[in-house]
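Comments concern the structure below.
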Amino acid sequence: MLQRFFIFCSGADTHILESCSNGERNKYAGIGATVFFTAVMAFIASSYALFTVFDNIYTSIFFGLIWGLLIFNLDRYIVSTIKKRNSIKSELWQATPRIILAMIIAIVISKPLELKIFEKEIDQVLLEEKNALTLNNKQQLALQYTPKIETLNQEIARLKNEIAGKEAETNALYDVYISEAEGTAGTGLLGKGPVYKEKREKHDTYLAELNQLKASNGERIQALEAQISALNSDYDSAVTNSQPIIDGFDGLMARINALGKLPWLPSFFIFLLFLAIETAPIIAKLLAPKGEYDYKFEEQESVVATWVTQKVEQRQLLMATDASLNEKVYTDIKNEEELYRYKKEKAEELLRLQADSFHNIQVKGL
């Protein structure tokens, strides 16, 4: 039962193999088993690859099954179309396109399995790339907010410096009128004379201006600080909202690119393994000598080819003979006077009927 199933997988003619030796059936059963297990590996590989895309096991299995059946059908077709010839060159010529197709299938099958085998190493590469993307994202977003924040900070510093300058002038006037009262400066007279009152009034004026400046600039500083706080909040929100996109940077293409950054030799050996599995049935058929099945299959093909050629030649001869007979018959009829007179009478009758019909139509019109 299992042997019959693998023979079916090989694409060989089961009716011919039933009349062959057991060794010949085992050979084609081995070829069919290779085709079957290659399709199984294709199903597993494609299911994993699709799982990284859809993130749904049932969808991945469904499309993976379709892909596995497609690879099974292609491999079965490739193996079944390889026929043993009497010339090695002709065999290589017919096998070359099939080997190229087998190489393409091996690449497609091996790549998802490489992603699974080197999953931990790929995750490490992706983690480093995500960290770099996070830093670059913060830097790019900061370019949108930093100039505005710096401008606002400069305006705050200017307002504070304005207050500080006014405060320094007020303090200086305070020291002046105190020194005048103590007699240590100015007129040098102890006591609160006219000069003292003049300097005290000037100080009080500056002090009132200072208080007013502190109030106005303080309100402006608070407004500017509120704008800075809003900008910082917007920046934090932009970083938070964009982070899930970076965290989701682990799709199929990202993993394939990450795999390409790993050492190539292990991946190359895995590819060679699948290439050997995929091309094994073709190479086996090329290297194996002509067997009992090949001779019987060739005989069956020759019988069909001979029968078809014979039928085609018979049809061509029949057509040529029929054409010759028709030509001879119509040549003889052409020379018969009785047939000429009969056709002339019928033509005259037809012309009369046409003339009468035209006359009746004209009369009705009048």
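Which residue, A323, L92, C20, has the largest displacement toward the positive end of the dipole of the chain when charges sit on each Cβ (Lys, Arg +1; Asp, Glu -1)?
Selected residue: A323.
What is the magnitude of the charge dipole of the chain about its Cα centre, with +1 placed on the Cβ of each Lys and Arg, -1 on the Cβ of each Asp and Glu, and no other charges, expressed in debye to the nearest 20? Each step should come with its number before you reach the end.
Numbers: 40 positive and 47 negative charges, 201 e Å.
Around 960 debye, computed over the chain.
Of the candidates I31, I256, I245, which one comes out as most mobile in a Gaussian network treatment of the chain with C-alpha springs shorter than 10 Å?
I245
If each residue's Cβ is checked for other Cβ atoms within 10 Å, how do S324, S60 rank with the fewest at the top? Spell out each step's value before the answer.
Working: S324 10, S60 19.
Ascending Cβ contact count within 10 Å gives the list S324, S60.
Relative to the Cα centre, what is the charge dipole magnitude of the range 220-335, using +1 at the beta carbon of each Lys and Arg, -1 at the beta carbon of each Asp and Glu, and rounding to the nearest 20 debye? Intermediate results must be reported in sequence, preceding the final value.
Numbers: 10 positive and 15 negative charges, 45 e Å.
Its charge dipole is roughly 220 debye.
Have a look at L275, N136, Q310 and report the one farthest towards the positive end of the charge dipole of the chain, computed about the Cα centre with Cβ charges (Lys/Arg +1, Asp/Glu -1).
Farthest towards the positive end: Q310.
Give me the distance between the Cα centres of the range 85-157 and the range 288-324, rounded to whole Å.
56 Å
Using a/c under 1.5 as the rounded threshold, could you call the range 308-365 rounded, prolate or oblate? The axes a ≥ b ≥ c are square roots of the C-alpha gyration tensor eigenvalues, and prolate needs a/b larger than b/c, oblate otherwise. Intermediate results must be reported in sequence, preceding the final value.
On the way: a/c = 10.55, a/b = 2.50, b/c = 4.22.
Oblate shape, in that a/c is at least 1.5 and b/c is the bigger or equal ratio.
If you bin every alpha carbon distance in the chain into 10 Å steps from zero, what whole percent lands in each bin?
4, 12, 12, 10, 8, 7, 7, 9, 8, 7, 5, 4, 3, 2, 1, 1, 0
Longer than 24 Å from Cα to Cα, which of K111/K290; K89/K296; K344/K364; K27/K111; K116/K261; K343/K364 are they? Say none if no pair is. Intermediate values should be presented prior to the final figure.
Working: K111/K290 36 Å; K89/K296 22 Å; K344/K364 31 Å; K27/K111 30 Å; K116/K261 15 Å; K343/K364 32 Å.
Going by Cα-Cα distance, K111/K290; K344/K364; K27/K111; K343/K364 fall outside the 24 Å limit.
Counting other beta carbons within 10 Å of each Cβ, put K89, K214 in order, fewest first.
Numbers: K89 8, K214 16.
Neighbour counts put them in this order, fewest first: K89, K214.
Using the Cα centre as the reference, give the magnitude of the dipole from point charges on the C-beta atoms of the range 1-130 (Lys, Arg: +1; Asp, Glu: -1; all else neutral), rounded to the nearest 20 debye.
Details: 13 positive and 12 negative charges, 147 e Å.
I would put it at about 700 debye.
Report, in whole Å, the centroid distance computed from the Cα atoms of the range 258-286 and the range 37-81.
Distance between centres, Cα-based: 17 Å.
Under DSSP H, which helices of the chain have Cα atoms covering 27 Å or more of the helix axis and a Kyte-Doolittle average no less than 1.6?
On the way: long enough: 22-54 (47 Å, 0.78); 57-80 (33 Å, 1.34); 88-117 (40 Å, 0.99); 119-182 (87 Å, -0.68); 194-247 (78 Å, -0.81); 264-287 (31 Å, 1.85); 292-334 (63 Å, -0.73); 337-365 (43 Å, -1.13).
Span-like helices here: 264-287.
Where a ≥ b ≥ c are the square roots of the eigenvalues of the C-alpha gyration tensor, would you call the range 245-366 rounded, which needs a/c under 1.5, or, failing that, prolate if a/b is larger than b/c, or oblate? Walk me through the numbers on the way to the answer.
On the way: a/c = 9.54, a/b = 2.09, b/c = 4.55.
Oblate.
Once Lys and Arg get +1 and Asp and Glu get -1 on their Cβ, which of I104, G32, Q212 lies farthest toward the positive end of the dipole of the chain?
G32
The numbers here are math on the coordinates, done by the rules we state, and not lab data. Source: prediction; values computed, not measured. Ideal geometry is used to build each Cβ from the backbone, glycine not excepted, and the neighbour counts take in all protein chains shown.
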